[in-house]
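The values are calculated or read from the model by the stated rules, or taken from the named source; none is laboratory data. Everything numeric in this text was worked out from a predicted model, so none of it was measured. Cβ atoms come from the backbone with ideal geometry, glycine included; neighbour counts cover every protein chain shown. In case anyone asks, the SASA skips ligands and DNA or RNA and just uses the protein heavy atoms, side chains included. Shrake-Rupley method; radii C 1.70, N 1.55, O 1.52, S 1.80 Å.
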Amino acid sequence: EIKIIPLTIAGLFGATLGTFIMDKISVKTLKNIFSIMLIIAGVRMFFVDTFVNVVIGFLSGAVGSLGIGGGGILIVMLTLALGIKQNNATLANLIFFIPVAIFSLILYSRQGKVKWKTTTFLALFGVIGAVVGVLLSGIIGANIIRKIFAVLLIIISTAELLKKDEIH
């Protein structure tokens with residue numbers, strides 16, 4: 001069972017923390033932490049552990065507001081820690097991140113960090129991708145989606161760890 005209210009409230013607090021520490025942590029450190037977490041999660045997605053909804057929400061909100069994949073973390077934690085089916089975790093992720101994303105966007109906008117032209121362009125193609133994803137999720141079973149997601153976590157995270165430092 002997903003307790004969406006405490007999960008989302010904790011996510012809002014995590015998002016607040018993330019927006020304030022964004023400039024204090026190097027991009028490389030963020031990517032390394034995120035990549036290691038996802039490699040571990042990808043390998044462990046076949047097993048179930050126990051976590052508290054509030055901790056999952058807080059971590060997902062914080063990571064999401066840093067722009068390094070809070071949705072991925074939330075889905076992994078819901079499936080791994082709580083044993084939620086992949087497609088249900090994806091739906092919970094969508095519900096969770098509507099208020100968390102809006103809240104983070106407001107905080108970043110107030111800090112003058114939002115590039116509206118780029119954001120609008122990406123959002124348009126994100127909507128198109130979402131439509132394709134919804135159509136595919138109706139065709140592909142939850143177990144296959146989970147395995148694809150696990151493999152993608154491992155590949156993307158490993159690539160991030162192996163990538164040379166970039167100048168920002």
Select one label from (i) 20; (ii) 27; (iii) 64: the one whose number is percent of Cα pairs over 28 Å apart as derived from the coordinates shown.
(i)
How do the peptides 71-78, 129-136, 56-63 rank, highest first, by the average count of neighbouring beta carbon atoms within 10 Å per residue?
56-63, 71-78, 129-136
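Number of Lys pairs in the chain with C-alpha atoms less than 16 angstrom apart, excluding same-chain neighbours closer than eight positions?
Working: K3/K85; K24/K113; K28/K163; K28/K164; K31/K163; K31/K164; K85/K147.
Lysine pairs satisfying the spacing and distance rule in the chain number 7.
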What is the local net charge at T19, summed over the other residues whose Cβ is closer than 12 Å to its Cβ (Lys, Arg +1; Asp, Glu -1)?
+2
For the chain, dividing by residue count, accessible area per residue (probe 1.4 Å) in Å² works out to 60 Å²
Given H placed on each backbone N at 1.01 Å, which residues far from K3 in sequence or on other chains put an amide H within less than 5 Å of it?
none
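Could you compute the net charge surrounding S104? Neighbours are other residues with a C-beta less than 14 Å from the C-beta of S104; K and R count +1, D and E count -1.
Net charge in that neighbourhood comes out at +2.
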Cα-centred dipole magnitude for the chain, charges only on beta-carbon of K, R (+1) and D, E (-1), debye, nearest 20
240 debye
Name the helices (complete DSSP H segments) of the chain with a Cα length along the long axis of 27 Å or more and a Kyte-Doolittle mean of at least 0.5, or state none.
86-110, 116-137, 142-162
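Which of the peptides 118-124, 149-155, 10-16 is most tightly packed, and how do the rest follow, judged by the mean count of other Cβ atoms within 10 Å per residue? Can you show the working numbers first?
Details: 118-124: 10.4, 149-155: 17.3, 10-16: 23.3.
Ranked by mean Cβ neighbours within 10 Å, highest first: 10-16, 149-155, 118-124.
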Computed [θ] at 222 nm, deg cm²/dmol, the chain (DSSP H ≥ 4; -39,500 (n - 2.57); rounded to nearest 500):
-26500 deg cm²/dmol
